[in-house]
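This report refers to the structure that appears directly beneath it.
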Ligand SMILES: [Zn+2]
Ligand SMILES: [Zn+2]
């Protein structure tokens with residue numbers, strides 16, 4: 001088995017948030033107003049993770065909330081800041097890097113930081129909402 005080449009580790013932001021119900025409705029309205037595909041609640045990601053490269057708190061978090069269908073379709077991204085719920089949803093084209101190698105970047109076009117395959121999950125995921133702690137074994 002090949003051992004992957006060790007490179008300088010870079011991490012995604014990893015900040016988490018939950019999509020408020022009202023924003024979930026907005027997401028579905030936006031998606032269904034589009035290109036003829038029909039989307040349901042199941043298509044909406046309720047629990048979001050900011051997947052762009054770790055960034056200063058002054059920069060807005062981005063979590064993919066709904067993948068639009070169709071060849072050239074982009075993705076709906078929810079945006080939020082620390083200590084507040086996501087209130088904005090924007091449609092962004094997908095980053096085209098890696099597409100020809102069948103290893104598409106899962107970020108949006110023009111995203112800051114590295115492409116998704118250059119980034120790892122942080123060793124400790126930052127929780128925006130409190131998660132239940134498991135007792136140590
Ligand atoms: Zn972030
Ligand atoms: Zn990219």
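A Cβ distance below 6 Å, combined with a sequence gap of six or more or placement on separate chains, defines the contacts here; from region 80-102, residues that are under 14 Å from residue 26 (Cα atoms) and without any contact (Cβ under 8 Å) to a residue 40 or more places away in the chain reach residues that are within 16 Å of ligand 2 (Cβ to nearest atom) and outside any loop (DSSP other than H, G, I, E, B) in the pairs 90/77.
Restricting the search to region 46-72, which residues are more than 23 Å from residue 123 (Cβ to Cβ), more than 16 Å from ligand 2 (Cβ to nearest atom) and under 16 Å from the mean Cα position of the chain (by Cα)? Don't jump to the end; show me each part of the working.
Step one: of region 46-72, the residues more than 23 Å from residue 123 (Cβ to Cβ) are 46, 58, 60, 65-72.
Narrowing the set further to residues that are more than 16 Å from ligand 2 (Cβ to nearest atom) leaves 46, 58, 60, 65-66, 68-72.
Hits for region 46-72 are 46, 60, 65, 66, 68.
The criterion of being buried (at least 19 other Cβ atoms within 10 Å of the Cβ), assigned to a loop (DSSP other than H, G, I, E, B) and either within 14 Å of the chain's Cα centre (by Cα) or at pLDDT 95 or above (or both) does not hold for residue 17.
When both residues are 6+ apart or on different chains and their Cβ atoms are under 8 Å apart, which pairs have a first residue that lies in region 38-55 and is more than 27 Å from residue 10 (Cβ to Cβ), and a second that is within 16 Å of ligand 1 (Cβ to nearest atom) and assigned to a strand (DSSP E or B)? From residues that are more than 27 Å from residue 10 (Cβ to Cβ), the pairs are 44/65; 46/18. Do any residues in region 8-19 that are more than 18 Å from residue 89 (Cα to Cα) have Cβ atoms under 6 Å from those of residues that are in a strand (DSSP E or B) and within 16 Å of ligand 2 (Cβ to nearest atom), where the two are at least six apart or on different chains, and which pairs are they? Here the result reads 9/120; 11/120, each pair linking region 8-19 to a residue that is in a strand (DSSP E or B) and within 16 Å of ligand 2 (Cβ to nearest atom). The single condition among (1) exposed (fewer than 15 other Cβ atoms within 10 Å of the Cβ); (2) under 13 Å from the mean Cα position of the chain (by Cα) that residue 96 does not satisfy is (2).
The values are calculated or read from the model by the stated rules, or taken from the named source; none is laboratory data. For clarity, every value in this text was computed on a predicted model and none was experimentally measured. Heads up, the Cβs are rebuilt from the backbone with ideal geometry, glycines too, and the neighbour counts pull from every protein chain shown.
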